[in-house]
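The values are calculated or read from the model by the stated rules, or taken from the named source; none is laboratory data. Fair warning: this is a prediction, and the values are worked out from it, not measured in the lab. Glycine gets a Cβ as well: all are built from the backbone with ideal geometry, and neighbour counts include every protein chain shown. Accessible surface areas use protein heavy atoms only, side chains included; no ligands, DNA or RNA. Shrake-Rupley method; radii C 1.70, N 1.55, O 1.52, S 1.80 Å.
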Amino acid sequence: MTSRRTVWMRVAIGAALAASAAFMASAQGPAGDGQARGGGGKGKGRGRGRGAPLYTPAPGAKDLKSVLFNWAWYMGMLRSSEERDLMMTLEYQGKGTMQVDGQPCNVSKYRTSITYQNSGERIQITGTRPNGQSCSSIENLSGAYAWNDDIPGAELVAGKGKATPMPATVEERMIRLWAGPQGAFKAAMAGTSDPPEMAPRPQSVPADVMKAGKTSVAWEGNTPVVTFPIPGVPTAIATATLNDKFMAERVVVKNGANTYEFDYSDYRDWNNPLNPAEAFYAGRMTEKKNGAVERDITTTVTETGQMYVVVPVPASVRAAIKPTNQPDNWTLNASTPFAPVTLASATGETPRLADGHPDMTGNWRGTQGPIGGGGNRRCGPTQVKGGGINPEIGCKDPMDNFWVDYEMISPSRFGLTGSADLKPSHPTYKPEFWDKIQESDQWTNKEDPIMTCQPMGMPREGTPARIMQTASDIVFFYTTSDYGGGNIEFRDIPTDNRPRPNTVEAYYMGLSIGKWEGDTLVIDSTNFVDTTWFGRGGLFHSAEMHITEKLTRKGDEILYQETIEDPDLVEPWVMPDKILRLGAAAPQLIHERAYCEVYEQGNISTQLRH
């Protein structure tokens, strides 16, 4: 592969968004036979119990666990060394015919933007009727809200566009989302647990059963048929018929008097050849309602690797629709539902300086989440051994998959911000920037500033690893890298009520001024350079970015709160609260970052989004 690279490190899904706290995790050795055989440490594999066997269904197994695992495995949905379903967002484009307002429409462009995390989908339809009239439209679904736009993101910016509430279409649009090629598997997995997991591992389903929760499997000869409920539509039941590669060829959903039929064929990796992801999507999709064809779409291109997709609900739509049902409350771990972050677990006395303010001095570590694993996934059943994503890489051992998996594991793309509750969070940009973000992300190996060894800046650095405090200032040191960035970064923040300097100079870490509000240190930062990103994913910011941080220490914990304001955002990005815990070891020595080199610059030939 020809691309620009920096010094590489392994990363965990549970790392912080802004910090993207990379850590070393040894790669697993060849596991094409379904066994983990040690790793980069020569037999010292991690993440599954030191080389423990990977789950592999027995040949011909017909229980629900085997069927669900094979379904996601063959589709290329299971990612990272933990083999979780990490496909959270995707972009799809196609063309064909459909019914719009009960009339036929020849569709020249059918673009779907999906976020499974938020039960959201935006379908942009460009087409003409047989008489030459336009039949273009924009259909939106977000949770229990449905509406149409005249321009993408109508009304999110005052005076731009018109959003029309479509409450009667909520259930139909929800069915379309969760009966899709990837959505059907996700819905089936959601039916196995309560609350449903956002990034499930099908190997966690009980073994040797034909039903778990509300999801079941039956066999019609050699064909598995999976039955499951549609999330957010209590009366809708789906049945998915899988083909010999465990891919859904037909999904039938019954909801009251209506029957919806979805037929899928020609599965393959439809991504741009510059960024193959080996995630399979249907090349032909036909949708019927009560026997009549509603949509017949042929795929042209997909982008299945965690693209930036948000579907914010306009205020007028929220006011017009009173939802009777809500989609499921997803969690990242069925045993650890989302919960408010508090300092309830803090122990010990809170140390204070002579002036009475809490002393933040110490080594601090953020919260790691329940999802871990690196990119060293074993080769999947549909991958080409020895060929893989790139002739120079292939799929000869699990480390090869790192090159495609990181774009799905990347915390900022996934939406993990290092919060203790791990509730996904993304900045909401103005609609005019949505395509720009996706394009920048598609060229991450060219556009991401850390690919040229620039400092990560704020807020990408995340939370400090070490703090030193005096009566007049406080110093933060950072140790994260996100596979790149410049040298060690630190901030010296005055806390003695001095005025903000009157300067137009810009800084990677901003110009910060601190003040005390009771026992909470409030840090106000401006004067940022506009060349850094919030994180991977094309998440840029402007030079007018304004960050407010609040740190409250109680005993051995710090509650860290952060709000980002930027004129390119629809609204302030209030990041989920984080808890920092005091390290018990001796004071941590913060070293300069490892050597970072830029090479092959200007000779980028792929869009592999490291």
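In region 248-344, what percent of the accessible surface is made up of carbon and sulfur (1.4 Å probe, ligands and nucleic acids excluded)? The value for region 248-344 is 52 percent carbon and sulfur by accessible area. Ordering of 300-313, 56-69 by packing is 300-313, 56-69, highest average first (other Cβ atoms within 10 Å, averaged per residue). Between region 551-578 and region 115-148, how many Å separate their Cα centres? Going from one Cα centre to the other spans 34 Å.
Near the amide H of residue 478, within less than 5 Å, lie the amide hydrogens of 465, 489, all on another chain or at least 5 residues away, with H placed in the peptide plane. Legend: residue pairs 65/423; 109/446; 423/554; 186/430; 162/288; 62/245, Cα-Cα distance threshold 18 Å; pairs beyond threshold, 65/423; 109/446; 423/554; 186/430; 162/288. Applying the Karplus relation 6.51 cos²θ - 1.76 cosθ + 1.60 with θ = phi - 60° to region 236-243 yields 3J(HN,Hα) values of 9, 10, 10, 10, 10, 9, 9, 8 Hz, where x marks Gly and Pro. Summary value for region 228-313: 19 percent relative contact order, contacts being C-alpha pairs under 8 angstrom separated by 6+ residues.
For every other residue with a beta carbon closer than 10 angstrom to the beta carbon of residue 190, add +1 if it is Lys or Arg and -1 if Asp or Glu, then tell me the sum.
Summing Lys and Arg as +1 and Asp and Glu as -1 gives -1.
Summing +1 for each Lys or Arg and -1 for each Asp or Glu among the other residues whose beta-carbon sits under 13 angstrom from that of residue 299 gives +1. Each of the peptides 317-325, 259-267 was scored by the mean count of other Cβ atoms within 10 Å over its residues; in descending order, highest first, they stand as 259-267, 317-325.
Our Cα-only numbers for region 413-565 put the radius of gyration and Dmax at 16.0, 47 Å.
Per-residue accessible area (protein heavy atoms, 1.4 Å probe) orders 268, 378 as 268, 378, starting from the largest.
Taking all protein chains as they are arranged and a probe of 1.4 Å, the heavy atoms of residue 430 leave approximately 50 Å² accessible to solvent. The share of accessible area on region 48-158 that comes from carbon and sulfur is 48 percent, using a 1.4 angstrom probe.
Count Lys and Arg as plus one, Asp and Glu as minus one, and take only other residues whose Cβ is under 15 Å from that of residue 166; the net charge is then -2.
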